[in-house]
Structures are given as structure tokens and as C-alpha cells.
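Inspection log for the structure reproduced underneath, given as C-alpha cells.
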Amino acid sequence: MLPLAACGGKLDQSAGEAIECRLPGKPAFETVCSVEKLSSPEGTILILRRPDGGFHRVQAVKDGRGVIAADGAEPVRVAKGQGASIEVDVGSGVFRLPARITP
């Protein structure tokens, strides 16, 4: 895979799978963020990364059809996205994920 240009920097795809996100001040979704999937005793944890190095941790719910805050620091809002996706609004961005998260 090739790295993507993002805000003058590079997205390190070795840190996860590239996903679309809408960052503050941006009118549209762009493929400049990434997601990492980790297994934990509590379930599947997703780390949503922004191109500036910021990140949010969310946990896939048991049925795999949504997410909740993993750390509880910021509320997570989930809405149906386009096609087979969900839009996860947390902190400083909206991240587009597959509608079903598989462990």
C-alpha cells in the first residue's frame, strides 16, 4: 500500500487500515485517517487515528453493529452512514467504519 498525503504530512498505513473521516473545518469526508483493531478481554478495541497524530479508542459492541467509548472520556455518537457503513462522531472528527466490525 502507498501512504496517503494528508494535511501536508503522510498517513502511516502500517499503523492500520485507511478509512474516511471528516475533520473539524473540513466540509467533506477524506481518506486521511486510519483504524487499528486490537483484541482485548473486554472485546474488540478500535483505535481511530487522525493524520495529526491524535486518536480515539472505541470498543465494538458484542453484536458487532456499533461502537461505544472505550475510555469514557468523550461521548460517542453513531449514525448510519452511506451504504454498509456507520459514522462514528467522537471528539474531533467523524470516522466512517464498516457497518459490522468483525473480531
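The values are calculated or read from the model by the stated rules, or taken from the named source; none is laboratory data. The structure displayed is predicted, hence computed values, not measured ones. All Cβ positions, glycine included, derive from the backbone under ideal geometry; neighbour counts span all protein chains shown.
Quick notes
- Count of residues meeting criterion [of a type outside the set (D, E, K, R), closer than 18 Å to Gly16 by Cβ and in contact with a strand residue (DSSP E or B) (Cβ under 6 Å, 6 or more places away or on another chain)] in segment 44-75: 13
- Residues being surrounded by 11 or more Cβ atoms within 10 Å (Cβ to Cβ) and either at pLDDT below 85 or more than 16 Å from the chain's Cα centre (by Cα) (or both) - total across segment 6-25: 8
- Scanning segment 88-98 for residues that are touching a Leu at 6+ places or on another chain (Cβ under 8 Å) and either buried (at least 16 other Cβ atoms within 10 Å of the Cβ) or in a strand (DSSP E or B) (or both) yields Val88, Val90, Gly93, Phe95, Leu97.
- Some residue of segment 34-43 being under 14 Å from the mean Cα position of the chain (by Cα), surrounded by fewer than 18 Cβ atoms within 10 Å (Cβ to Cβ) and of a type in the set (Asp, Glu): yes
Per-residue answers, yes or no, for (1) surrounded by 12 or more Cβ atoms within 10 Å (Cβ to Cβ); (2) at pLDDT 85 or above; (3) polar (S, T, N, Q):
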site	(1), (2), (3)
Gly54	yes, yes, no
Ala60	yes, yes, no
Arg65	yes, no, no
Ala70	yes, yes, no
Val78	yes, yes, no
Thr102	no, no, yes
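- The residue of segment 80-100 that is modelled with the lowest pLDDT, among those that are charged (D, E, K, R) and either under 15 Å from Glu20 (Cα atoms) or in contact with a Ser or Thr (Cβ under 9 Å, 6 or more places away or on another chain) (or both), is Lys80.
- Figure legend. Inter-residue proximity from segment 81-93: first residues in contact (Cβ under 8 Å) with a residue 40 or more places away in the chain, second residues buried (at least 18 other Cβ atoms within 10 Å of the Cβ) and of a type in the set (Lys, Arg), beta-carbon distance below 9 Å, spacing 6+ or different chains. Indicated pairs: Val88/Arg96; Ser92/Arg50; Gly93/Arg22; Gly93/Arg50.
- Matching residues in segment 26-71 - criterion: being more than 17 Å from Ser85 (Cα to Cα), in a strand (DSSP E or B) and without any contact (Cβ under 8 Å) to a residue 24 or more places away in the chain: Leu38, Ser40, Phe55, Arg57, Ala69
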